[in-house]
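Novice: Got a structure for you, questions after.
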Amino acid sequence: MNQTLAGPRLPPELERQIFELCASARPVAIPKLMLVAWRVKEWIEPLLYHTIMVCQSTPVDGYHSLTPETLTALLRLKPADFFRDSVRNLLLHAVSQSVVASVLAVCTGVESLWAPMASSVLGPTTGLPLKHLYTNFSPLFESVHPGDPLFSQLTHLELIGIVNVGVDIPSILSLLPKLSHLAFNDEEFTPHCPGVLEQCKSLAVLVSLGNPLVPGMAFHEYEQDLSKDIRFVVLFSSWFKDWQMGVRSNSDYWLRAENFIAQRRSGAIDAAQYEVFDD
């Protein structure tokens, strides 16, 4: 072909970078981008599965959500190592324990997992390189010790739902070697907060995900002590959107809490102020 008519070609490395940037910015456009050329398909198809969501809520612009049936069928279309190397962020809402187990058995490279039912599935042999985990507290630490390799890289943990009576939560969480960010969404966790702040030496952020305008009765009893610890923050989060923004650009409630704590520490806001009212 006449090179003059064909026009200049970009270096393959630059061309790949451009397509990967476009694909990452808007994953729903990836199927169309893959039609450009075989090399483009090879570059960006893994990015189509970088973040997988199963949820009935409307995803943020640029993302899409699957049904459990669609995801289960999808995981049969390619070799397991493709999903191992591609899937890094996984949200499974209102999904059965069996589906969670089957998905995690294939997507073994997941680093950020939002799945309440995962606490019943995760075990010593799961082997996920988890860094962020959002799941039910029970029975998370009943089948796997907090010092297990499964939690060796875990830095961010959100505990969903009610805590079992009689469980020494501060002692359990203190065994997570890299835990720096912890959140909870049930006021029954509040009595454990002073112990968590004392025993979890690496903890930089402790977030209560209740509505700061409507604190629960359990919170009032511990308010005076908790307000003295600069790491404690109360804020509201729209969980589905927030998780997506977190995996997309790190703009989630963890970042909001970090910025708020930094302002308290610098004196930009009153150090005794622990409630974040903006969303």
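Novice: Work out the FRET efficiency for Ser171 and Ala204 from their Cβ-Cβ distance, taking R0 = 22 Å, and round it to the nearest 0.05.
Specialist: Efficiency at R0 = 22 Å is approximately 0.70.
Novice: Using a Cα distance threshold of under 21 Å, what count of lysine pairs results for the chain when pairs must be 8 or more residues apart or interchain?
Specialist: So the count works out to 8.
Novice: Given +1 on the Cβ of Lys and Arg, -1 on the Cβ of Asp and Glu, and no further charges, what dipole in debye does the chain carry about its Cα centre, rounded to the nearest 20?
Specialist: Numbers: 20 positive and 29 negative charges, 250 e Å.
Computed charge dipole of the chain: roughly 1200 debye.
Novice: Apply the Karplus parameterisation 6.51 cos²θ - 1.76 cosθ + 1.60, with θ equal to phi minus 60°, to every residue of the range 71-76 and state each ³J(HN,Hα) to the nearest whole Hz, in sequence, with x for glycine and proline.
Specialist: 5, 4, 5, 4, 5, 8
Novice: Using the number of other C-beta atoms within 10 angstrom as an exposure proxy, rank Leu21, Leu92, Leu255, Leu176 with the fewest first.
Specialist: Leu21, Leu255, Leu176, Leu92
Novice: I'd like to know which of Leu255, Asn164, Leu74 lies farthest towards the positive end of the charge dipole of the chain, counting +1 on Cβ of Lys and Arg and -1 on Cβ of Asp and Glu.
Specialist: Of the candidates, Leu74 comes out farthest on the positive side.
Novice: Okay, moving on. Hey, can you grab everything whose amide H is under 5 Å from the amide H of Val54? Only 5+ residues off in sequence or another chain; H modelled, so Pro and N-termini drop out.
Specialist: Leu66, Leu91, Leu92, His93
Novice: Sort Phe82, Phe141, Phe260 by Cβ crowding within 10 Å, fewest neighbours at the top.
Specialist: Working: Phe82 15, Phe141 20, Phe260 23.
Listing Phe82, Phe141, Phe260 from fewest to most nearby Cβ atoms yields Phe82, Phe141, Phe260.
Novice: Just the number, please: Stokes-Einstein D of the chain in µm²/s, Kirkwood Rh from C-alpha pairs, 10 °C, 1.306 mPa s.
Specialist: Values: Rh = 20.6 Å.
Estimated via Stokes-Einstein, D reaches 77 µm²/s.
Novice: Could you give the length gained on full extension between Ala29 and Leu10, defined as 0.36 nm per residue of separation minus the Cα-Cα distance, in nm?
Specialist: Between Ala29 and Leu10, full extension yields an extra 4.7 nm.
Novice: Against the longest alpha carbon principal axis of the chain, how many degrees, from 0 to 90 and to the nearest 10, is the axis of helix 38-48 turned?
Specialist: Computed tilt is about 10 degrees.
Novice: Calculate the tail of P(r) for the range 5-123: the fraction of all Cα-Cα distances greater than 23 Å, expressed in %.
Specialist: That tail contains 35 percent of the Cα-Cα pairs.
Novice: I need His64, His93 ordered by Cβ neighbour count within 10 Å, fewest first.
Specialist: Least to most surrounded, the residues fall as His64, His93.
Taken together, the values in this text are just the output of simple stated rules run on the coordinates, not laboratory data. What you see is a predicted model, and the numbers here were worked out from it, not measured in a lab. Note: ideal-geometry Cβ built from the backbone for every residue, glycine included; neighbour counts use all protein chains shown.
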